[in-house]
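None of the figures in this text is laboratory data; all of them are computed from the coordinates on show. For clarity, every value in this text was computed on a predicted model and none was experimentally measured. Ideal geometry is used to build each Cβ from the backbone, glycine not excepted, and the neighbour counts take in all protein chains shown.
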Amino acid sequence: MHLLQSGVDPAVIALWLGHESVETTHGYVEADLTMMENAMGKLTPAGSAPERFKASDDLLAFLATL
C-alpha cells in the first residue's frame, strides 16, 4: 500500500510481488480504500463536540497490573 500511495505504478508492484496480472494487485487498492473509509467513519463531524475517550474496564484492569 505504501508503494501505491507513493505513486509506484501498480504494474510494477504486480511484477515485484509475482502476480500474474495487475488485477490481482488491485485488491491492495481496495483494501486501502476500505481502511480509509473505516477511518473516516470514526471521525467526529465538523461542528460537533468530540467524544471524550473512556477506557474499558478490561483496559483499566490491565493497566492496574503494570
Discussion item. Could you tell me how many of the residues in region 2-45 are at positive phi and under 20 Å from the mean Cα position of the chain (by Cα)?
Written reply: 1
Item to complete: For Leu33, indicate whether it is out of contact with any Phe, Trp or Tyr (no Cβ under 6 Å at 6 or more places or on another chain), in a helix (DSSP H, G or I) and loosely packed, with under 11 Cβ neighbours inside 10 Å.
Response: yes
Worksheet item: Failed condition for Tyr28, given (1) part of a loop (DSSP other than H, G, I, E, B); (2) surrounded by 10 or more Cβ atoms within 10 Å (Cβ to Cβ), with all others met?
Response: (1)
Practice prompt. Find all pairs meeting these conditions: Cβ atoms under 8 angstrom apart; at least six residues apart or on different chains; first residue within region 15-29 and closer than 17 Å to His2 by Cα; second residue not in a helix (DSSP H, G or I).
Written response: Thr25/His19; Tyr28/Met1
Worksheet item: Name the residues in region 1-25 that are in contact with a helix residue (DSSP H, G or I) (Cβ under 6 Å, 6 or more places away or on another chain), part of a loop (DSSP other than H, G, I, E, B) and surrounded by 12 or more Cβ atoms within 10 Å (Cβ to Cβ), would you?
Response: His19
